[in-house]
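Novice: The structure follows.
All of the numbers you see were taken from the coordinates with simple rules; none came from a lab. Quantities reported herein were computed from a predicted structural model and do not represent experimental measurements. Note: ideal-geometry Cβ built from the backbone for every residue, glycine included; neighbour counts use all protein chains shown.
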Amino acid sequence: MRFVDEYRDGEAVRRAAAAIASVQTRPWTLMEICGGQTHSILKFGLDQLLPDQLTLVHGPGCPVCVTPLELIDQAVEIAARREVIFTSFGDMLRVPGSSKSLLQVKAEGGDVRVVYSPLDAVKLAEENPMRQVVFFAVGFETTAPANAMAVWRAHELGLANFTILCSHVLVPPAIDAILGAPDCRIQGFLAAGHVCTVEGTGDYEPLARKYHVPIVVTGFEPVDLMTGILMCVEALEKGEAKVGNAYKRSAHATGNPAARALVRRMFKTCDRAWRGIGVIPLSGLELRDEFKAFDAARRFDSSRIRTVEPKECIAGEILLGHKRPSQCPAFGSQCTPEHPLGAPMVSAEGACAAYHAYRRTA
Amino acid sequence: MTDPKSGPAAVDPSQWSCPAPTGAVDAIQVAHGGGGRMSQRLTESVFLPAFRNPALEALHDGAVLSLPPGRVAFTTDSYVIHPIFFPGGDIGSLAVHGTVNDLAMCGARPLHLSAGFIIEEGLPIADLKRIVASMARAAEQAGVTVVTGDTKVVDRGKGDQIFINTAGIGVVPEGIEISPSRARPGDLVLVSGEIAVHGIAILSVRQGLQFETEMVSDSASLHELVGAALDVAGTHLHVLRDPTRGGVASALNEIAASAGVSIELEERSIPVNETVQGACELLGFDPLYVANEGKCLAIVAPSHANAVLEAWRRHPLGRAAAIIGQVREEPRGRLVLHTRIGARRIVDMLSGEQLPRIC
Amino acid sequence: MCLGVPGKVVAITRHEVGMQMGRVQFGGIQKEVCLSFLPEIQVGEYVIVHAGFAISQIDEEEAAKTFEILRQMGDLDDAVR
């Protein structure tokens with residue numbers, strides 16, 4: 001496949017790794033913000049090719065992992081209703097709520113369906129006028145345009161039976177929170193290539209300046225990750241705190257104007273709770289007032305939900321990079337992919353799941 | 001219920017509870033599973049014409065068979081696939097190929113099958129006929145006979161159109177010993193062709209995840225491939241496995257655990273066609289975990305691996321056969337992937353099924 | 001986040017209720033994709049697709065540059081040795 005296979009070329013990856021090793025003179029700690037990048041690093045074993053003095057910390061870039069427990073419980077409650085067709089990306093189905101996951105709701109008879117695109121959910125609403133179709137709108141800035149378009153289309157079609165349960169989160173406020181934490185060891189950031197493809201790089205300049213930290217827009221394939229790391233290490237060695245772009249074939253400084261415009265038309269920023277971290281101000285998106293009719297939280301009353309977090313799960317510390325999954329006492333024993341205690345063990349991108357799948361012994 | 005304004009109500013005889021038999025029917029009814037006249041009629045009009053053979057036509061409670069000398073291999077599997085018709089096959093052909101393959105993976109020559117049907121009330125008889133005809137064709141291709149069977153019918157809503165169980169008997173010739181425990185460090189791992197085809201073909205028709213290109217399941221009987229491998233390798237062929245649910249990764253994990261060895265796969269050598277690659281990239285799937293229904297894994301002593309490879313490549317079902325890995329001592333019980341960029345990582349057992357992801 | 005897959009636009013199919021739809025080829029499969037966020041896109045060009053939407057056009061020149069830089073690194077390496 002073009003633009004995929006060549007970025008997985010072993011020779012190119014080795015060259016980049018050699019370049020990193022020759023440029024690096026001191027230990028550096030970098031964070032890759034995106035779960036997709038974590039997944040790729042562990043799937044290809046990239047970190048095995050990096051110099052020992054380069055530490056990669058896996059960031060909270062997994063929308064599945066950071067979706068608050070209350071929202072999962074809300075989703076579970078709505079999905080169990082007879083009139084509802086509950087649609088979602090596959091990622092969310094196994095995340096445990098206080099009592100059960102969406103997959104368990106499905107097993108108990110709830111009409112829960114996996115869709116590849118939010119447009120599939122809108123189509124279901126068109127085809128099933130007697131049912132309420134709810135789409136679990138989870139994601140970072142990459143997915144916001146798709147969800148915005150879905151609501152826009154529902155609006156244009158005059159659909160009375162389509163709503164979204166919105167849990168959108170934004171990356172720059174999260175980076176701000178991480179870098180602003182007192183014991184932060186992160187010296188450089190690999191920004192998420194597809195988030196920046198949509199939004200551009202403007203939000204990262206003030207962060208780079210404020211914290212004096214290089215931020216490099218990085219893609220997802222092995223060659224992309226290596227060139228992003230190389231660019232970041234080069235900047236650190238020179239003491240430069242700039243925003244760099246190692247994913248220029250897709251991400252540009254101005255992002256995708258059409259996508260950004262639609263997102264701003266449909267959504268406004270709001271405070272958002274991140275599971276395991278707490279509320280980060282202005283780090284989320286919610287539907288604007290004129291489109292609130294499409295908000296599932298408004299259409300379905302879920303005030304009777306009681307949310308209970310499992311005590312053992314240290315997701316917050318994992319997501320902020322303070323601990324590695326292998327340092328969690330429950331890792332691999334009480335908490336496994338078969339019976340996860342928290343989201344990072346469930347999501348394919350979750351640091352805990354990735355560790356368990358690819359590197360249980362480490 | 002009548003609408004007073006519209007005149008006499010429309011009459012729907014299928015809702016009457018009159019016990020007189022209604023004559024010709026085009027959908028399965030509960031009575032078809034009752035053992036009475038309708039069951040008999042179903043057997044005579046659908047099953048017997050398709051599975052013509054003396055054992056079945058005796059219509060006894062069980063089939064009495066003479067078997068050639070050797071150890072008897074015996075297997076059973078149930079098929080619940082949805083949709084019941086898919087490109088490249090249907091639940092019937094799958095049920096025959098699947099059980100034939102389980103026998104072949106024991107090193108057995110497949111001989112006879114039983115077929116048990118659990119049918120949901122309302123299934124069109126035309127669909128049943130189509131499935132049974134497909135089974136008959138598959139059975140003929142595999143050189144097996146369906147010698148006994150059973151039909152039950154469940155109420156509408158209590159079954160998913162149709163479930164099929166097939167059990168199979170075969171005979172393992174003297175001197176053939178196929179078992180996971182025979183895998184030895186140094187053995188080579190072969191696959192008979194491109195992986196993940198069936199799972200992706202099924203996904204391509206399921207609602208909500210449609211693709212615009214038709215993908216055809218690889219469902220097929222593998223007894224000839226197995227025979228060809230046994231002919232050239234004999235007892236140097238140590239393990240056979242068809243990687244169905246859970247894909248190549250699950251099958252090899254089980255073998256590694258069972259034999260107390262490690263298996264290391266070479267990512268660059270694993271045959272994946274462009275169609276499967278495109279679908280897996282799009283959905284975020286790993287082809288190693290996706291089901292196959294017409295592929296065979298073999299673990300062979302290094303001295304005979306090339307002979308098996310050549311024999312497979314000469315067969316229509318094995319054109320894309322490849323050596324994909326090697327058995328090692330450590331890490332014991334684990335499957336390891338040597339990635340295309342030169343690193344190594346564990347390929348673990350999957351928990352649950354893969355779900356399409358956006359992350 | 002962000003499983004974005006590169007594909008080639010093989011057809012621009014229809015405009016409906018404010019959405020421009022097209023067909024994109026990924027390896028051996030084709031899927032219907034919304035092209036609304038790339039109003040200038042042409043058949044034959046490559047895009048990154050996420051959740052059924054094309055979010056960027058792949059800049060082939062930039063793509064080539066990455067490998068050129070790496071190739072030069074490799075040559076340097078060889079020269080030094």
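Novice: Please give the calculated 222 nm ellipticity per residue for chain A, where each DSSP H segment of at least 4 residues contributes -39500 (n - 2.57) and the sum is spread over every residue; nearest 500 deg cm²/dmol?
Specialist: Theoretical 222 nm ellipticity from helices: -11000 deg cm²/dmol.
Novice: Looking only at Cβ-Cβ distances, which cysteines of chain A have no other cysteine closer than 4.7 Å?
Specialist: Lone cysteines by the Cβ rule: A:Cys34, A:Cys166, A:Cys184, A:Cys196, A:Cys232, A:Cys270, A:Cys313, A:Cys328, A:Cys335, A:Cys352.
Novice: Moving on to the next point. Averaged over A:4-17, how many beta carbons belonging to a partner chain fall within 10 Å of each residue's beta carbon?
Specialist: Taking all residues of A:4-17 together, the mean is 5.
Novice: Note the angle between two axes, namely the Cα long axis of helix C:60-80 and the longest principal axis of the Cα atoms of chain C, as a number of degrees from 0 to 90, rounded to the nearest 10.
Specialist: Taking the Cα atoms of chain C, the angle to C:60-80 is about 10 degrees.
Novice: Under 5 Å between amide hydrogens, which residues at least 5 positions from C:Gln20 or on another chain qualify, with H placed 1.01 Å from N in the peptide plane?
Specialist: Long-range HN contacts for C:Gln20: C:Leu35, C:Ser36.
Novice: Which whole-Hz couplings ³J(HN,Hα) result when phi for each residue of region A:121-136 is put into the Karplus expression 6.51 cos²θ - 1.76 cosθ + 1.60, θ = phi - 60°, listed in order with x for Gly and Pro?
Specialist: Once θ is set to phi - 60°, the couplings for region A:121-136 become 5, 4, 4, 4, 5, 4, 7, 10, x, 8, 10, 9, 9, 10, 10, 7 Hz.
Novice: Where nothing but the Cβ of Lys and Arg (+1) and of Asp and Glu (-1) is charged, how large is the charge dipole of region A:23-310 around its Cα centre, in debye to the nearest 20?
Specialist: Here region A:23-310 has a charge dipole of around 340 debye.
Novice: Can you check what the net charge comes to around A:Val216, using other residues whose Cβ is under 14 Å from the Cβ of A:Val216 (Lys, Arg +1; Asp, Glu -1)?
Specialist: Computed value for this residue: -3.
Novice: Using only Cα atoms and rounding to the nearest 10 degrees, what angle (0 to 90) does helix B:125-142 make with the longest principal axis of chain B?
Specialist: Orientation of helix B:125-142: about 30 degrees from the principal axis.
Novice: Taking +1 at the Cβ of each Lys and Arg and -1 at the Cβ of each Asp and Glu, which of A:Ala330, A:Ile78, A:Pro206 sits farthest along the dipole of chain A towards its positive end, judged by Cα position relative to the Cα centre?
Specialist: A:Ile78
Novice: Moving on to the next point. Evaluate peptide A:332-339: per residue, the Cβ atoms of other protein chains within 10 Å of its Cβ; return the mean as an integer.
Specialist: Across A:332-339, the average partner-chain Cβ count within 10 Å equals 1.
Novice: Further, regarding this structure: Residue by residue through region A:107-119, what is 3J(HN,Hα) from phi via Karplus (6.51 cos²θ - 1.76 cosθ + 1.60, θ = phi - 60°)? Round to whole Hz and write x for glycine and proline.
Specialist: My calculation for region A:107-119 gives 4, 8, x, x, 8, 10, 10, 7, 10, 8, 9, x, 5 Hz in order.
Novice: Same structure, new question: Anyone know which of B:Gln40, B:Gln161, B:Gln277 comes out most mobile in the 10 Å Cα GNM of chain B?
Specialist: Among B:Gln40, B:Gln161, B:Gln277, the largest mean-square fluctuation in the Gaussian network model of chain B belongs to B:Gln40.
Novice: Among the listed pairs A:Lys106/C:Lys8; A:Lys43/A:Lys242; A:Lys123/A:Lys292, which are separated by more than 27 Å between their Cα atoms?
Specialist: Cα-Cα > 27 Å for A:Lys106/C:Lys8; A:Lys43/A:Lys242; rest within.
Novice: Okay, moving on. For helix A:69-79, what angle does its Cα long axis make with the longest principal axis of chain A, in degrees from 0 to 90 and rounded to 10?
Specialist: 40 degrees
Novice: Same structure, new question: Which residue, A:Asp289, A:Asp176, A:Asp203, tops the fluctuation ranking in a GNM of chain A built on C-alpha contacts under 10 Å?
Specialist: It is A:Asp289.
Novice: For region A:23-310, what does the alpha-carbon gyration tensor say about shape, rounded, prolate or oblate, given a ≥ b ≥ c as the root eigenvalues, a/c under 1.5 as rounded, and a/b over b/c as prolate?
Specialist: Prolate, since a/c reaches 1.5 and a/b exceeds b/c.
Novice: Quickly estimate the mean residue ellipticity at 222 nm for chain B, helices only: each DSSP H run with n ≥ 4 gives -39500 (n - 2.57), and the total goes over all residues, rounded to 500.
Specialist: -8000 deg cm²/dmol
Novice: What lysines sit close enough to C:Lys65 to cross-link, taking a C-alpha to C-alpha distance under 17 Å and skipping anything fewer than 8 places away on the same chain?
Specialist: Those lysines meeting the cut-off are A:Lys248.
Novice: Given axes a ≥ b ≥ c from the Cα gyration tensor, I'd like to know whether region B:180-346 is rounded (a/c under 1.5), prolate (a/b larger than b/c) or oblate.
Specialist: oblate
Novice: Using a 10 Å cut-off around each Cβ, can you sort B:His60, B:His97 from fewest to most neighbouring Cβ atoms?
Specialist: So the ranking, lowest neighbour count to highest, is B:His60, B:His97.
Novice: P(r) for region A:108-229, please, calculated from all Cα pair distances in 5 Å bins and given in %.
Specialist: Result, from short to long distances: 2, 10, 16, 16, 14, 11, 10, 9, 7, 4, 1, 0 percent.
Novice: Right, something else. Using a cut-off of 9 Å between beta-carbons, work out the net charge of the residues near C:Glu32 (Lys and Arg +1, Asp and Glu -1, C:Glu32 not included).
Specialist: Result for the local shell: +1.
Novice: Then there's this: Put +1 on the Cβ of each Lys and Arg and -1 on the Cβ of each Asp and Glu in region B:30-172; which of B:Ile164, B:Asn101, B:His112 then has its Cα farthest toward the positive end of the dipole?
Specialist: In region B:30-172, that residue is B:His112.
Novice: Can you tell me how the protein assembly as shown classifies by the Cα gyration tensor, rounded, prolate or oblate, using a/c under 1.5 as the rounded cut?
Specialist: Oblate, because a/c is 1.5 or more while a/b does not exceed b/c.
Novice: Under 18 Å between alpha carbons, and skipping anything fewer than 8 positions from A:Lys323 in its own chain: which lysines qualify?
Specialist: Partners within reach: A:Lys311.
Novice: Lys/Arg Cβ at +1, Asp/Glu Cβ at -1, dipole of region B:30-172 taken about the Cα centre: which of B:Pro87, B:Ile131, B:Pro54 is farthest positive-ward?
Specialist: B:Pro54
Novice: Next question. So in region B:30-172, what percent of DSSP beta bridges are antiparallel if you round to the nearest 5?
Specialist: Here the share of antiparallel DSSP bridges comes out near 70 percent.
Novice: If I build a Gaussian network model for chain A, linking alpha-carbon pairs within less than 10 angstrom, which residue out of A:Ser167, A:Ser117, A:Ser88 has the largest mean-square fluctuation?
Specialist: Of A:Ser167, A:Ser117, A:Ser88, the most mobile in the Gaussian network model is A:Ser117.
Novice: With a sphere of radius 14 Å drawn around the Cβ of C:Thr13, what net charge do the other residues whose Cβ falls strictly inside it have (Lys, Arg +1; Asp, Glu -1)?
Specialist: Every neighbour counted, the sum reads 0.
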